[in-house]
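K.L.:
Can you read through this structure? Questions will come right after.
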Amino acid sequence: MRKIVVMLAVVTAFMSCQEDKGYFISGNAPGLDNGKKVYVSEIDDSSNRPVIIDSTTIKDESFELDLKNVEDPNLSFLEFEGAQGNVIFISENENIKFKIHKDSLRSSKVTGGKENRLLAKYLDHLEGINTKVMKGRGEMRAAQQSKDSAKFTTLKETEKEILDNDKVFKKKIVEENPGSFVSVMIISDMLRMKSYPIKDIKEMFDNLSKDIRNTGLGQQIGQALEERGKVAVGSKAPEFTAPTPEGEELALKDVMGKVTVIDFWAAWCKPCRVENPNLVKTYNKYKDDGLSIIGVSLDRPGQKDKWLQAIEDDGLPWHQVSNLEFWQDPVAQLYGIKAIPAAFILNEEGTIVARDLRGDALDNKIGELLNNK
């Protein structure tokens, strides 16, 4: 009887050890010396930056670390003392194994639970897309140099097909994996690329599981979607009032035309200044037909003189406003501006019908809207 009790105790102890390995990492790291540090980091929700949470050391070109079980998956990284870069993985309550390539950490292999298998699939896809696009653009440059317009057009169409397939792939991953952290990562990528309609992204996000939407990254995306939705195509443009160069308050509603462009720019912004002559040309072409433009400058505090000089130098005849608060400008924050130049095109009712068009694309869109009146 005592023998049976002892055996049961051993089995129980063994099972407890196995269960303790919920979030456990291990790996082989050929070429890394004994004693070299291995750091585990994960994205901090408040700073949105990697923060080291634990570390271990290399022994006989291997490493292992038993970590505290995670409540929610998170984007994580391995960094190695003496090696450049990092290895991306997702923290999950599984045994996660790494095969490290010291001289090319990006080529390292990660195996683990469902999250890391799906992440590997997604990263392989991105690498394939990037390789195809870069190769095609190199060929496009060569076609331009040789003035082979037919080949250039074919290559451009091929790139569009590649990028369209990329969109289909990402959407399929998200739809098939509503409970995966990788899905919320993909939606984050979609938001950053700004090449997907906000309403489509929001629909995908809303179909994710509640637990995934409540992760740190999920909450950030939910907030971003809410903010972007206010200035998405099809939404009513938010009202604002801001100071003119003369110090008077001017409201958006006071300058509305049949078509109105809200142009975010700054004297210090070189791409904005390059684009200004095109905008002047478009304004002169359509101002008598009902085009109105209001420029919102993101110039720095104390630099009103540079703002006024840029208006004069570029010959900008339309309405101008600025709080002179740089990126903290309340109008820019209201419209979610993260980069300039940025433009919103409104119809007569104040609905946003297009955004961030430039040059001929902007000219053609305004012409189309005015001709429809």
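K.L.:
Computed from the coordinates I sent, Rg/Rh (Cα atoms, Kirkwood Rh) equals one of (1) 1.13; (2) 0.98; (3) 1.10. Tell me the label.
P.N.:
Answer by label: (3).
K.L.:
OK, next. Which of I212, Q84, M140 sits closest to the plus end of the dipole of the chain, meaning its Cα is farthest towards the positive end, when Lys and Arg get +1 and Asp and Glu get -1 on the C-beta?
P.N.:
My answer, from the dipole projection, is M140.
K.L.:
Which of the trypsin sites (Lys or Arg not before Pro) across the range 61-128 are loop residues per DSSP, with 12 or fewer other Cβ within 10 Å? Display every interim value, and only then the final one.
P.N.:
On the way: sites: K68, K97, K99, K102, R106, K109, K114, R117, K121; in loops: K68, K102.
Counting only loop positions with at most 12 other Cβ atoms within 10 Å, the trypsin sites (Lys or Arg not before Pro) in the range 61-128 are K68.
K.L.:
Moving on to the next point. When the chain is modelled as a GNM with alpha-carbon springs shorter than 10 Å, which of V261, V168, V182 fluctuates the most?
P.N.:
V168
K.L.:
What are the extents of the Cα atoms of the range 61-131 along their three principal axes, in Å, largest first?
P.N.:
37, 28, 15
K.L.:
Could I ask something else about it? Helix-derived [θ] at 222 nm for the chain: sum -39500 (n - 2.57) over DSSP H runs of at least 4, divide by residue count, nearest 500?
P.N.:
-14500 deg cm²/dmol
K.L.:
Please arrange D189, D60, D329 by accessible surface area, largest first, computed with a 1.4 Å probe and ligands excluded.
P.N.:
Values: D189 30, D60 110, D329 0 Å².
Greatest to least solvent exposure: D60, D189, D329.
K.L.:
Amide H of G85 versus every other amide H placed in the peptide plane: which residues, excluding those fewer than 5 positions away on the same chain, fall under 5 Å?
P.N.:
Counting only residues 5 or more places away or on other chains, the set is empty.
K.L.:
Using a 1.4 angstrom probe on heavy atoms only, work out the carbon and sulfur share of the accessible area of the range 55-103 in %.
P.N.:
Ligands and nucleic acids excluded, carbon and sulfur reach 38 percent.
K.L.:
Right, here's the next one. Can you pull out the GluC sites (Glu not before Pro) in the range 17-85 whose DSSP state is coil and whose Cβ has at most 10 other Cβ atoms within 10 Å?
P.N.:
Values: sites: E19, E42, E61, E64, E71, E79, E81; in loops: E61, E71, E81.
Filter output for the range 17-85: E71.
K.L.:
Further question on the same structure: So for the range 70-200, Kirkwood radius off the Cα pairs, Stokes-Einstein at 4 °C and 1.567 mPa s: how many µm² s⁻¹?
P.N.:
Rounded to a whole number, D works out at 76 µm²/s.
K.L.:
Tally Lys/Arg at +1 and Asp/Glu at -1 over every other residue whose Cβ is under 15 Å from the Cβ of D360; what's the total?
P.N.:
Local net charge: 0.
K.L.:
Quick check: net charge around D305, other residues with Cβ under 14 Å of its Cβ, Lys/Arg +1 and Asp/Glu -1?
P.N.:
For residues surrounding D305, the net value is 0.
K.L.:
Which loop GluC sites (Glu not before Pro) in the range 248-283, with loop taken from DSSP, have no more than 14 other Cβ atoms within 10 angstrom of their Cβ?
P.N.:
Working: sites: E248, E249, E275; in loops: E248.
Of the GluC sites (Glu not before Pro), the ones in loops of the range 248-283 whose Cβ has at most 14 other Cβ atoms within 10 Å are E248.
K.L.:
Once amide H atoms are built 1.01 Å from N in the peptide plane, which residues 5 or more positions from A354, or in another chain, come under 5 Å H to H?
P.N.:
Sorted by chain and number, the residues that satisfy this are I345.
K.L.:
Hey, if we sort F205, F169 by accessible area with the 1.4 Å probe, largest down, what's the order?
P.N.:
Values: F205 15, F169 50 Å².
The most accessible residue leads, giving F169, F205.
K.L.:
State, to one decimal in nm, how far the label point of D254 lies from the label point of T154, with both points 7 Å from Cα in the Cβ direction.
P.N.:
Distance between label points: 5.8 nm.
K.L.:
Then there is this: Give the lysines whose C-alpha is closer than 28 Å to that of K253, dropping any in the same chain fewer than 8 places away, or say none.
P.N.:
By straight Cα distance, K253 reaches K194, K199, K230, K236, K281, K285, K287, K304, K306, K338, K365, K373.
K.L.:
Calculated FRET efficiency, D313 and T56, Cβ-Cβ r, R0 45 Å, to nearest 0.05?
P.N.:
0.15
The values are calculated or read from the model by the stated rules, or taken from the named source; none is laboratory data. What you see is a predicted model; the values in this text were computed from it and never measured. With ideal geometry, Cβ positions are generated from the backbone for all residues, glycine too; neighbour counts draw on all protein chains shown. Side chains are part of the model used for accessible areas, which takes the heavy atoms of the whole protein and leaves out ligands, DNA and RNA. Shrake-Rupley method; radii C 1.70, N 1.55, O 1.52, S 1.80 Å.
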